[in-house]
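**Student:** This is the structure, below, for whatever I ask next.
The values are calculated or read from the model by the stated rules, or taken from the named source; none is laboratory data. Remember, it's a predicted structure, so these values are computed and weren't measured experimentally. Glycine gets a Cβ as well: all are built from the backbone with ideal geometry, and neighbour counts include every protein chain shown. With ligands, DNA and RNA removed, areas are computed over all heavy atoms of the protein, side chains included. Shrake-Rupley method; radii C 1.70, N 1.55, O 1.52, S 1.80 Å.
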Amino acid sequence: MSDVDLSHPEKGNPGVGGTQFNFVALPYYLKKIYPEQIEPIIYANSVSLLPSQLTVKQASTSVEAAEHCDRDGCSIFVFRPRQIDFESNLLEALSALGCEGVAWGHNIPLPLSQMNALAECESIARLVVVGQERLDQIRDHPVFQKSIRIYNGFDPEPYHPDEHSVGDGTTVVYLGSLTPAKGFHVLAEAWPSIKREVPGAQLKVIGSARLYDEDAELGKWGVAAESYEREFRPYLSTPDGSVDESVDFLGKMGTEKIPRLQQADVGVVNPTGKTENCPGSAIEFQAAGTPVVSIAEWGLLDTVLDGKTGTLCDTKQGIRDAIVEHLSDKSKRKKYGLKGRKYIQEKFDFKGICGEWLGTFERIEKGERKKKTPITKNLFYRYKYLREALGVFRQNKFFEKLIPPLYVISDGKDIKRIIFNKLKSKTKLW
């Protein structure tokens, strides 16, 4: 992403992954909001297109960045835990240095070995998770004892339309990477039916397989891998195999996408929800005054108020029906759009998020342990109550060896039945 201009985070995401953007935006806003209390430094392998207001230094690897951080007298080193960091012994390097480590996990949970390493490393003061549902997912793993939730910050100012106008009820916009994990195929499959219900419906697709991988090979239509394009092309093609006139693939877009989000009647975000922690696309749509339709899963539950700023569904058919309903109901679109703007301002604005980060840094420097965080909502979602109970049992070494964290078992299976059968047969689960 070295060719993307990240020098002005206040203008919005210029067209990179949400994780990459937030690793620049957070220090930028911390410096802007708390100039007297904190002096952030960014260590990066490419430093030419980063904010001039920040101190930026070259570092080729995370280990090198940690070493620079220690030499510069920093007290806390914030990093994204990746496979390469565990392979390069970053945790061992931190243990030998004088700064505390904060793992900022944008994609939790990690592989079990990595979660164990973070839990066992005394130099890791906190694991910061960006979604409450993902934090609750790891309640039965020891790393939960040092884990907290801080949502990704967001500056809604560039997204606010000058006047909140409501469109003619024909425009659906999808925003996200065109990879199987982001679920575009679910929307594509529903599109022929939506067109029949809503004459003149138009689908605008913002995204590409190259959002996260600039070198990704693209298929016939030039938007996704050929294997994935073959999955959704039948639903969006004319008889001769070209793109249907109701569909417009806009490709990867930076801040120029904002008017598209403002003009949309419905915004669709990852209809599978599988990989979502704190989906920035859902936040962007609502900040632009556009209701969101998606699945009631993981990070969507944290970022969309079902029945107020958008509609979260349980099935693919429900997603299809919700899109048609929003397109057909102008008053609902307006009401949801206005509430969405207010909701994003109150929950995700950088002023509040930076305050949470600053408070976390201060508690780490004082050596304070993380306070117990009780379940506050969605008690029965994904066996959350069971994870809470097992978190207590697994503090006993016998149970910790016998029963793995539930996230290593497929959430699509009957977790209670699996555990009962394994305990009955006295065999290990892992």
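**Student:** Kindly indicate whether any position in region 63-86 is of a type in the set (Phe, Trp, Tyr), surrounded by 14 or more Cβ atoms within 10 Å (Cβ to Cβ), in contact (Cβ under 8 Å) with a residue 12 or more places away in the chain and touching a His at 6+ places or on another chain (Cβ under 7 Å).
**Tutor:** no
**Student:** Right, another one. Please determine whether any residue of region 234-257 is open to solvent by less than 50 Å² (accessible area, probe 1.4 Å), under 17 Å from residue 167 (Cβ atoms) and either under 18 Å from the mean Cα position of the chain (by Cα) or among the charged types (D, E, K, R) (or both).
**Tutor:** Yes, there is a match, as at least one residue in region 234-257 is open to solvent by less than 50 Å² (accessible area, probe 1.4 Å), under 17 Å from residue 167 (Cβ atoms) and either under 18 Å from the mean Cα position of the chain (by Cα) or among the charged types (D, E, K, R) (or both).
**Student:** Look through region 203-230, keep the residues that are outside any loop (DSSP other than H, G, I, E, B) and out of contact with any Phe, Trp or Tyr (no Cβ under 9 Å at 6 or more places or on another chain), and return whichever of them is least open to solvent (accessible area, probe 1.4 Å).
**Tutor:** 226
**Student:** Residues that are open to solvent by 10 Å² or more (accessible area, probe 1.4 Å): which strands (runs of 3 or more DSSP E) entirely in region 259-374 hold 2 or more of them?
**Tutor:** On the way: elements: 266-268, 292-295, 310-313.
Answer list for region 259-374: 310-313.
**Student:** On to the next question. From the list 110, 91, 50, which residue is closer than 25 Å to residue 356 by Cα, open to solvent by less than 30 Å² (accessible area, probe 1.4 Å) and within 19 Å of the chain's Cα centre (by Cα)? Even if it seems obvious, please write down each step before you answer.
**Tutor:** Values: 91 fails: within 19 Å of the chain's Cα centre (by Cα); 50 fails: within 19 Å of the chain's Cα centre (by Cα).
Answer to the selection: 110.
**Student:** Could you list, ordered by first residue, the pairs with Cβ atoms under 6 Å in which the first is in region 348-372 and closer than 23 Å to residue 280 by Cβ and the second is open to solvent by 90 Å² or more (accessible area, probe 1.4 Å), at least 6 apart or interchain?
**Tutor:** If the second residue must be open to solvent by 90 Å² or more (accessible area, probe 1.4 Å), no pairs are left.
Yes/no per residue for (1) modelled with pLDDT of 95 or more; (2) under 30 Å from residue 396 (Cβ atoms):
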| residue | (1), (2) |
| --- | --- |
| 148 | yes, yes |
| 154 | yes, no |
| 168 | no, no |
| 171 | yes, no |
| 176 | yes, no |
| 183 | yes, no |
| 190 | yes, no |
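**Student:** Please work out which residue is most open to solvent (accessible area, probe 1.4 Å), limiting yourself to region 113-128 and to residues that are over 10 Å from residue 91 (Cβ atoms) and of a type in the set (Gly, Ala, Ser).
**Tutor:** Taking region 113-128 first, the residues over 10 Å from residue 91 (Cβ atoms) are 113, 115-116, 119, 125-128.
Right, trim to of a type in the set (Gly, Ala, Ser) and you get 113, 119, 125.
Working: 113: 84, 119: 28, 125: 17 Å².
The selected residue is 113.
**Student:** With small (Gly, Ala, Ser), open to solvent by less than 20 Å² (accessible area, probe 1.4 Å) and not in a helix (DSSP H, G or I) as the only criterion, which of 169, 200 stands out?
**Tutor:** 169
**Student:** Based on what the data block shows, is residue 59 among the hydrophobic types (A, V, I, L, M, F, W, C), farther than 30 Å from residue 160 by Cα and surrounded by fewer than 20 Cβ atoms within 10 Å (Cβ to Cβ)? So that I can check it myself, show each step before the final result.
**Tutor:** Values: among the hydrophobic types (A, V, I, L, M, F, W, C): yes; farther than 30 Å from residue 160 by Cα: yes; surrounded by fewer than 20 Cβ atoms within 10 Å (Cβ to Cβ): yes.
For residue 59, the condition - among the hydrophobic types (A, V, I, L, M, F, W, C), farther than 30 Å from residue 160 by Cα and surrounded by fewer than 20 Cβ atoms within 10 Å (Cβ to Cβ) - is met.
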